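Student: My questions all concern the structure below.
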Amino acid sequence: MTELVEFSLGALVLLPLLAAAVVMLIGHTARRVLGVVTAVVTAGFTVPVVATVADGDAPELVLGGFTAPLGITLRGDGLAAVFLAGTALIAVVLTVFAALVPAATGEHLTPSGWRPGHPGFWPLWLGCWAGLNGVYVSGDLFNLYVGLELVGLTAVALVALGGRKSWDPALRYLFIAVLGSLLFLTGVGLLAAVTGTLDIAQARAVLEEVEDPTAGLLALSLMTVGLGMKIALVPMHRWLVPAHSAAPAVVSPILSGLVIKAGLVILLRVWLWAVPLVAEAIWLAWLLGALGAIAVLVGSVLALRQDRLKPLVAYSTIAQIGYWFLAFPLLVTEHDDAGAAPGAYSAIVALAVGHMVAKGGLFAAAGYLKLRFGTDEIARLRGAGAQYPALILAMGACAVGLIGLPVSLGFAGKWQLATAAVGAQQWWVVVVIAAGTLLAAGYLLRGIAPLLLQAPQESDHQLPDTGDETAPAAAGSKTRAEGAGELLILLLGVATIGTGFLGSWIYDLLGVGLW
Amino acid sequence: MVNDLLPLILVLLSVSVAVVIFPLPEQAARLRSTVNIAGAVTKVVLVMLLVPVVVAEGARPEFSIPFLPTGDGEAIPLVLRVDPLALFFAGLSALLWLLTTIYAIGYLKGKPNRSRFFGFFSLCVAATVGLSFSGNLITFLVFYELLTLVTYPLVAHWGDEKSLQAAKLYMRYALGGGVAVLIGVVWLTMEAGPVDFAEGGAADVAELAATSPGLAALIFVLLIGGLGVKSALVPLHSWLPAAMVAPAPVSALLHAVAVVKAGVFGIVRVVDDVYGIEVAWELGVLTPLLVIASFTVIYGSYQALRQSEIKKRLAFSTVSQVSYVVLGVTMFSMAATAGGVVHLVHQGIMKITLFFCAGLFAEAMGAHKISELRGAGRRMPWTSVAFTIGAFGMIGLPPTAGFISKWQLGLGALESPHPWVLAVLVVSSLLNAAYFLPVVWLIWFGETPDPETDDDAAGGTKVREPAMLLVPAVCTAVITVGVGVAASLTFAPLEIARFIAEGVFS
Amino acid sequence: MSLVADILAALLILAGTFFFTVGTLGLIRFPDVRSRLHALTKADNLGLGLVLAGAALWLGDWAIAGLMLLCWIFALAGASVSAHVIAGLEADHASEREPVHSVDPGEEQKNQESTTTPREGDQP
Amino acid sequence: MISPVDLALGAAVLLVAGLSLVPRSRLVVTMGFLALGVLVTMVWLRLDSLDVALAEAGIGTGLLSGLMVWLAVRSPEPPGAGGMEPSPRLPWLRPAVGVVCGAVLTVVTAAVWLRVEDRLPAWGGPVEEQLPDTGVEHGITGVLLAFRAYDTLLESAILMLTAAAVMALSSTNLHQAAAPMPPVPLALPWATRLLVPALVLLGLWLLFAGSRDSGGAFQSGAVLAAALILMRTSHIDLRGLSTYLLRPALVVGVVVFILAGLVGPMLGLPWLSWDPDWAFAAVLTVEVLLTTGIAAGLYMLFLTLENPEGVR
Amino acid sequence: MLELGFDAITWYLVISTAVLMFGMVRLLLVRDLVARLVALDVTGLGVLLMLVALAARSSDETGAQAAETGAAGPDAVLQALVITGLVIAVAFTGLGAVLIRRIEGAKDTEGSDSGEESPSTAGERDRDD
């Protein structure tokens, strides 16, 4: 059994990479078929890893047979397993969606002008997925940098597939993403200088003996700033909304749902595994907590003022990111007295995975609507629900997950965060959560309600612009494939509710391989 | 044993009905109605099966799955447990859901978006039944929030500007309440560990109240504040009249049975099964709640007096009647608690009759204002009879169920440390009479409208009362009288309420 | 390694650097493209040759001397080809540029072959 | 004490970095960057790491600056470009704030560098012992293609996917690869015909020297890409190459690397493990194909710099 | 062997940090796209400079550590990392350059206000002036 698990740890990264390479050689339709096959097989490989972690031990793969300080070891501990499973679920659904609705993958330029759908999507997306899996399972600091860079560059390229208006946001995203990775690399260099090794576990062992914490602290802050740029924490968030809303229909869920999580996983690896929490790190955690609170409030208020659907959903991403950083002060205080509920750590993971599923569904639906109606202005999409009932239901379910209402992973995450906050006497966290929940309900309702309810024809008021108030005509009749695409998004909505029951299972999973 | 699965089956029954109905195309009306009614009938039968098992043999079927992790490894479960109080409320909602479904099928014939309506309709009942069977605070909170979510599309069903605004107001209130309950539950769980509903109050909540009464009181205020939103206690009641914009079956089921009762049911659970009546009494939180409830009773009736629209008047009367339950529960006497709990059911039956009749008047005669009801007695005799019975029940005249519960509440007030509540009951009954009797008088003895002012040429002729709407209204009227007359039978609501009250005070 | 060889090597390298500075001065001062090319290709290549000779002498090993010579030849080839290309292109465009246009230093001077010495005074 | 050469080099690097950052005109900035590349190559020679100096000279200074100059020349400043984002109220505020916090950060990091009593990496010994069974004598190539083969694989995948991304941004059939370059005087094509064979020879030598001495896949890839670019600029017809051969060449490096890595698990060993007896053969084939991949990738970056007609 | 005093490496570390910070500040402030791309590369060079300086530490270590680690030349692993870093730098610069070309190509067509006098822009047939 361990043979298969170790093999699947490697296969999770190298298989999509191989497929990404091969897919560049073949034609358009063959790319979609190979893409779907790879997605299913890669998701299959997550099963043995998650199963092994579920019954207690964390599998390890020593690459090339060279032991730690020299070679690279891949570790499949609790954190990796949870994120692998979440990513696999979303990736399979989105891959099949991209295969069914090729127009969702962007616009490509032919000598006779712009055509919908971009075959270049497939190698980039499979490469991005390989990078994501690489980041989750890697146990080596420099390897984390290379994985982060792979995810970053492919994400920038995926944004740029969206045609002329997406190039400028893609470039701004490139600058911030690469600067973030370079700062992270500086931190890695500093740690390598102090500890003499690049392996996370060994670095931790050395850092614990070193009594002068300044180097570790500086490395930690450099890495945190770098990764903060990649995750778009508030002061460094200006690149996110234009990039995510200009990206093609199937790319924005990938960006919002999956790419940001790579930065978060590395941040958790650094904070909880690589660098021991010294007293001086407390102020940094509190700074992150404050920035998180600001992110929640600023993101929600700005989302309330949006009049287009995709920027609204993008701003909600910024708000949700705030929640993860809100838990950092609790993470630090709990760490000292190990007795207190380590709820904050599992709260961050539950919120992140819940956000992954819910945001994936919501952004896919928003992109799909924009694809069908040519616009994502909420005023002009009024009444779009009549023709797409399953889509609106999926958006409603995903909104439940984002707001954090019961039976969703978001609720489980907020519950654990609230209990951890109450346990650590941090009342302001509970206040921010309550405010965030209400604001989230506000802006998501503003986004989805007009779609849901169509005033019958004889409604008295006229829309401001001359568009007739019946739902704007969808671009052509809905083909069978697009119908199936719609059901896929509904699957994501149902998954948001379904994963709500996994709160405690994820908690037990996270206990495996914790430092 | 099989009984343990029954609560889960009851909840999943409505969910499966919803799953079947949602994708149905609009014109499949026949299939949709059969599925609806079949679901409702099976639910009523299953509840009837449970009554002897739970009340007589004292069995507590239970179903639980782990849901939320706590710090030290073991998880807080989602628990569905059937105890007499749960059965009481589930029975009420199952029965009235059946009648309201029939009413709704008739009412919405030929209108748009019916699949969506009935889908959310059955989801709403699933949430209500789930809420009644919930075995601990977490499960209660889950179904409480689910109820908010599912009733939003129902309130906003017509899709015009007015109903959108009303739905937004309702959502804002309900979500605010939900967040308050969430914070209260989190705080309580952290202070006293996961709280299970137990007759006579949870043990660790009692010792929390002993060690730090101030904190326990604060958490109590948070919980009751959150639940107060849905049970329309005075400062938080303004969403209820605004939500009257919804179609008649929605306002009938929601504001007579599901939403409002969920809030009050929550308050009964918190007072009796979380804190326990004695602990709440020592904390001294019952009296302020009693004062608020009394004020709501009086204020609701007073506002109802000033309304000119039928549905608005009924809405404010709901606001005041629901607080009777809170009144009974917080009066710290066994008879009063029994009266409060039994009023939970009686008020549901009577109010749904009145809403059915209001819907009938609106549908058949287009009468929305009370003044338009002049002479309705001769034109719609059966609806008017049902309306009159409902009105007498509300006032509390002898043969109806209303009399039973008010009588019980009066007895409770006498033996409780707050005799002044009896005065509140009397004043409120007078106010009820003040705003119901003129309507009844208008219906029966209002002179026929002179031909030239009323363009309806039919003048005094009979108006066809649609059977699908009339039968449920008459049924509920008959039940109101039946419950009033046969109050002393073994499985009558009063007996079950007494049984519950003894459990609370044991 | 006798003292004389050391002194000779030092002298050679000094001469080489002198020629480099002269070449750079020419680059800055001369008005038009062709004269600048002239200055660069002549002075810098000679300077390079001298420096390489000095270094070979300093290290005193024939193999390395041969290597240095090879380097010099390649450098010469590269410099001459690029100079020729630049002159050719400049000639093609000469007709286009407006005659009245005085040759201001703003005319961007592009030299593919990066000189090793950092040029401080580069025109914006 | 610090020898004056290091002092001069350090100061020169700082000065030229300023030169490549501060000026407003794009050409001066790219020239500064080109000079900085050369200077950094010399610094790395000073720090006694020949491989990196070679790589920097080949890839960093050579190709990167070539790209930059091509970019600066083909798209002169759009109106209003250059300079700092002028803040409306106080034009000097932003640069001042920038300089201040830049200085503060530098001082803090420098202080840490001075105080940190770092320890020598623990992998010095293991490299020496385990190098023989990778079939390669030169340490760096051993690390690149055996010890940390996973990093190299991911990194060559990055280059391949960047090439794919760049192809995605141009029109699908790479038609501009065939578009003629601006006419160039006769000397260049003639010189190219002379130089290219020498360049290819140099590239192959660098590649095969990599196993014994400094050199390797990346340096030789850069040299081969330079040869390709030189041929392209001097109008030698590469249309056959670019439409049929380029894409497979781009992909073959990564594919073969992964398949070679797959051989390990077949024999029960972990991923990417070379058995000592056929290790040299595996490393060499992988290195050769990596070189083609890198050359093709770098050439692709250069090719697609041209805007296809559609994007006027 | 070169007589590299230990403090020479620290000097280069300080220089690399200065270049890194200079490039980063400039990247965040300047508006011109090519200038930002160059600033990004300069930052990358700063980081790589730091890594090579660290690698050089073990090349001439006369202390006992060098003896037992037996490191003859500079540290092989860190140098390999720098080469990897270099190739990644080329990758993101190439992508950035192409994106700039596309943006400015697109911007010129939309904002094609100044007709003739601005030098003829994107069009691969224009003369190389």
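Student: Specify which of the listed residues (B:ALA256, B:ALA232, B:ALA262) is closer than 22 Å to B:GLY130 by Cα and not in a helix (DSSP H, G or I).
Tutor: Testing whether each residue is closer than 22 Å to B:GLY130 by Cα and not in a helix (DSSP H, G or I) leaves just B:ALA232.
Student: Name the residues in region B:211-245 that are free of Cβ contacts under 8 Å to residues at least 12 places away in the same chain and either within 14 Å of B:TRP281 (Cα to Cα) or within 25 Å of the chain's Cα centre (by Cα) (or both), would you?
Tutor: B:GLY214, B:PRO235
Student: Run B:ASP4 past the list (1) closer than 20 Å to B:ILE138 by Cα; (2) in a helix (DSSP H, G or I); (3) within 12 Å of another protein chain (Cβ to nearest Cβ) and report the number of the one that doesn't hold.
Tutor: For B:ASP4, the failing item is (3).
Student: Going by what's in this entry, would D:LEU290 be described as in contact with a Lys or Arg (Cβ under 9 Å, 6 or more places away or on another chain) and either within 14 Å of chain E (Cβ to nearest Cβ) or of a type in the set (Gly, Ala, Ser) (or both)? Spell out the reasoning first.
Tutor: On the way: in contact with a Lys or Arg (Cβ under 9 Å, 6 or more places away or on another chain): no; either within 14 Å of chain E (Cβ to nearest Cβ) or of a type in the set (Gly, Ala, Ser) (or both): yes.
Judged against the criteria, D:LEU290 is not a match.
Student: Within region A:69-90, can you find the residues that are among the hydrophobic types (A, V, I, L, M, F, W, C), within 14 Å of another protein chain (Cβ to nearest Cβ) and in contact (Cβ under 8 Å) with a residue 60 or more places away in the chain?
Tutor: Start the filter on region A:69-90 by keeping residues that are among the hydrophobic types (A, V, I, L, M, F, W, C), which leaves A:70, A:72, A:74, A:79-85, A:88-90.
Next, from what is left, pick out any that are within 14 Å of another protein chain (Cβ to nearest Cβ): A:70, A:72, A:74, A:82.
Of everything in region A:69-90, those that are among the hydrophobic types (A, V, I, L, M, F, W, C), within 14 Å of another protein chain (Cβ to nearest Cβ) and in contact (Cβ under 8 Å) with a residue 60 or more places away in the chain turn out to be A:ILE72, A:LEU74, A:VAL82.
Student: Among (1) under 17 Å from the mean Cα position of the chain (by Cα); (2) part of a helix (DSSP H, G or I); (3) not polar (S, T, N, Q), where does D:GLY215 come up short?
Tutor: Evaluating D:GLY215 over (1) under 17 Å from the mean Cα position of the chain (by Cα); (2) part of a helix (DSSP H, G or I); (3) not polar (S, T, N, Q) leaves (2) as the failure.
Student: Here is a list: A:GLY257, A:GLY226, A:GLY216. Which entry is away from every other protein chain (no Cβ under 14 Å) and not hydrophobic (A, V, I, L, M, F, W, C)?
Tutor: Values: A:GLY226 fails: away from every other protein chain (no Cβ under 14 Å); A:GLY216 fails: away from every other protein chain (no Cβ under 14 Å).
Exactly one of A:GLY257, A:GLY226, A:GLY216 is away from every other protein chain (no Cβ under 14 Å) and not hydrophobic (A, V, I, L, M, F, W, C), namely A:GLY257.
Student: So how many residues does region B:245-269 have that are of a type in the set (A, V, I, L, M, F, W, C) and more than 15 Å from B:VAL345 (Cβ to Cβ)?
Tutor: Restricting attention to region B:245-269, the residues satisfying the condition of being of a type in the set (A, V, I, L, M, F, W, C) are B:245-246, B:248, B:250, B:252-254, B:256-260, B:262, B:264-265, B:267-268.
Those left that are additionally more than 15 Å from B:VAL345 (Cβ to Cβ): B:245-246, B:248, B:250, B:252, B:254, B:259, B:267.
Selection size over region B:245-269: 8.
Student: Would you check if there is a residue in region B:218-237 being within 14 Å of chain A (Cβ to nearest Cβ), surrounded by fewer than 24 Cβ atoms within 10 Å (Cβ to Cβ) and closer than 30 Å to B:MET468 by Cα?
Tutor: For region B:218-237, residues within 14 Å of chain A (Cβ to nearest Cβ), surrounded by fewer than 24 Cβ atoms within 10 Å (Cβ to Cβ) and closer than 30 Å to B:MET468 by Cα: absent.
Student: For region D:1-79, which fully contained helices (runs of 4 or more DSSP H) count at least 2 residues that are more than 22 Å from the chain's Cα centre (by Cα) and surrounded by fewer than 24 Cβ atoms within 10 Å (Cβ to Cβ)? So that I can check it myself, show each step before the final result.
Tutor: Values: elements: D:4-21, D:26-46, D:50-55, D:65-74.
Answer list for region D:1-79: D:4-21.
Student: Another one. Could you tell me whether any residue of region B:53-68 is acidic (Asp, Glu), within 17 Å of B:LEU137 (Cα to Cα) and more than 21 Å from the chain's Cα centre (by Cα)? Walk me through how you get there before you give the answer.
Tutor: Going through region B:53-68, the residues acidic (Asp, Glu) turn out to be B:57, B:62.
Right, trim to within 17 Å of B:LEU137 (Cα to Cα) and you get B:62.
Filter again for more than 21 Å from the chain's Cα centre (by Cα), leaving B:62.
The answer is yes; a qualifying residue exists.
Student: Applying the selection to region B:161-183, what residues are of a type outside the set (A, V, I, L, M, F, W, C), surrounded by 20 or more Cβ atoms within 10 Å (Cβ to Cβ) and farther than 20 Å from B:VAL234 by Cβ?
Tutor: Of region B:161-183, the ones of a type outside the set (A, V, I, L, M, F, W, C) are B:161-163, B:165, B:168, B:170, B:172-173, B:176-178.
Next cut, surrounded by 20 or more Cβ atoms within 10 Å (Cβ to Cβ) only: B:163, B:170, B:173, B:177-178.
Within region B:161-183, B:SER163 is the sole residue that qualifies.
Student: Residues being free of Cβ contacts under 8 Å to residues at least 40 places away in the same chain, surrounded by fewer than 18 Cβ atoms within 10 Å (Cβ to Cβ) and more than 22 Å from C:SER82 (Cα to Cα): count how many of those fall in region C:38-72.
Tutor: 8
Student: Now for a separate question. Just one of C:SER35, C:SER80 is part of a helix (DSSP H, G or I), within 25 Å of D:LEU188 (Cα to Cα), out of contact with any helix residue (DSSP H, G or I) (no Cβ under 7 Å at 6 or more places or on another chain) and of a type outside the set (Asp, Glu); which is it? Break it down stepwise before answering.
Tutor: Working: C:SER80 fails: out of contact with any helix residue (DSSP H, G or I) (no Cβ under 7 Å at 6 or more places or on another chain).
Result of the check over C:SER35, C:SER80: C:SER35.
Student: Specify the residue that is surrounded by the fewest Cβ atoms within 10 Å (Cβ to Cβ); the eligible residues are those in region A:14-28 that are more than 8 Å from chain D (Cβ to nearest Cβ) and either over 18 Å from D:ALA164 (Cβ atoms) or not β-branched (Val, Ile, Thr) (or both). Break it down into steps so the answer makes sense when it comes.
Tutor: Within region A:14-28, the subset more than 8 Å from chain D (Cβ to nearest Cβ) is A:15-16, A:19, A:23, A:26-28.
Cutting the leftovers down to either over 18 Å from D:ALA164 (Cβ atoms) or not β-branched (Val, Ile, Thr) (or both) gives us A:15-16, A:19, A:27-28.
Details: A:LEU15: 22, A:PRO16: 28, A:ALA19: 25, A:GLY27: 8, A:HIS28: 13.
Among them, the one singled out is A:GLY27.
Student: Select, from A:PRO102, A:PRO119, the only residue that is surrounded by fewer than 24 Cβ atoms within 10 Å (Cβ to Cβ), in contact with a Phe, Trp or Tyr (Cβ under 9 Å, 6 or more places away or on another chain) and more than 19 Å from A:GLU3 (Cβ to Cβ). Don't jump to the end; show me each part of the working.
Tutor: Numbers: A:PRO119 fails: in contact with a Phe, Trp or Tyr (Cβ under 9 Å, 6 or more places away or on another chain).
Exactly one residue qualifies, and that residue is A:PRO102.
Student: I want to confirm something. Restricting to region D:80-102 and keeping residues that are in a helix (DSSP H, G or I) and more than 8 Å from every other protein chain (Cβ to nearest Cβ), which single residue is modelled with the highest pLDDT?
Tutor: Ranking the qualifying residues of region D:80-102, first place goes to D:VAL100.
Student: Can you go through D:VAL251, D:VAL263 and tell me which one is assigned by TED's automatic domain parsing to the domain that holds D:ALA217, of a type in the set (Val, Ile, Thr), in a helix (DSSP H, G or I) and crowded, with 19+ Cβ neighbours inside 10 Å?
Tutor: Selected residue: D:VAL251, the only one of D:VAL251, D:VAL263 that is assigned by TED's automatic domain parsing to the domain that holds D:ALA217, of a type in the set (Val, Ile, Thr), in a helix (DSSP H, G or I) and crowded, with 19+ Cβ neighbours inside 10 Å.
Student: I'm trying to understand the selection: among the residues of region A:12-37, which are among the small types (Gly, Ala, Ser) and either modelled with pLDDT under 90 or within 15 Å of A:GLY131 (Cβ to Cβ) (or both)? Let's see the steps before the verdict.
Tutor: If we filter region A:12-37 for residues that are among the small types (Gly, Ala, Ser), which is where we start, we get A:19-21, A:27, A:30, A:35.
Within region A:12-37, A:ALA19, A:ALA20, A:ALA21, A:GLY27 qualify.
Student: If you check D:ALA227, D:ALA295, which single one turns out to be farther than 15 Å from D:LEU159 by Cβ, surrounded by 20 or more Cβ atoms within 10 Å (Cβ to Cβ) and within 24 Å of the chain's Cα centre (by Cα)?
Tutor: Details: D:ALA295 fails: farther than 15 Å from D:LEU159 by Cβ.
Within the list D:ALA227, D:ALA295, the selection yields D:ALA227.
Student: So, one more: Given the residues D:ASP151, D:ASP133, which is the only one that is touching a Pro at 6+ places or on another chain (Cβ under 6 Å) and closer than 18 Å to A:LEU63 by Cα?
Tutor: D:ASP133
Student: Can I ask one more? What number of residues in region D:251-273 are more than 7 Å from chain A (Cβ to nearest Cβ) and among the hydrophobic types (A, V, I, L, M, F, W, C)?
Tutor: Qualifying residue count for the region: 9.
Student: Please go through region B:385-394 and give me each residue that is surrounded by fewer than 23 Cβ atoms within 10 Å (Cβ to Cβ) and hydrophobic (A, V, I, L, M, F, W, C), ordered by number. So that I can check it myself, show each step before the final result.
Tutor: The first filter runs over region B:385-394 and keeps only residues surrounded by fewer than 23 Cβ atoms within 10 Å (Cβ to Cβ), leaving B:385, B:388.
Across region B:385-394, the qualifying residue is only B:VAL385.
Student: Right, another one. Answer yes if at least one residue in region A:284-292 is without any contact (Cβ under 8 Å) to a residue 24 or more places away in the chain and farther than 17 Å from A:VAL178 by Cα, and no otherwise.
Tutor: Looking only at region A:284-292, we keep the residues that are without any contact (Cβ under 8 Å) to a residue 24 or more places away in the chain, and these are A:287, A:290.
With farther than 17 Å from A:VAL178 by Cα added as a condition, the list becomes A:287, A:290.
Scanning region A:284-292 turns up at least one residue that is without any contact (Cβ under 8 Å) to a residue 24 or more places away in the chain and farther than 17 Å from A:VAL178 by Cα.
The values are calculated or read from the model by the stated rules, or taken from the named source; none is laboratory data. Computed from a predicted structure; not experimentally measured. Reconstructed Cβ throughout: ideal geometry from the backbone, glycine too, with neighbour counts over all protein chains shown.
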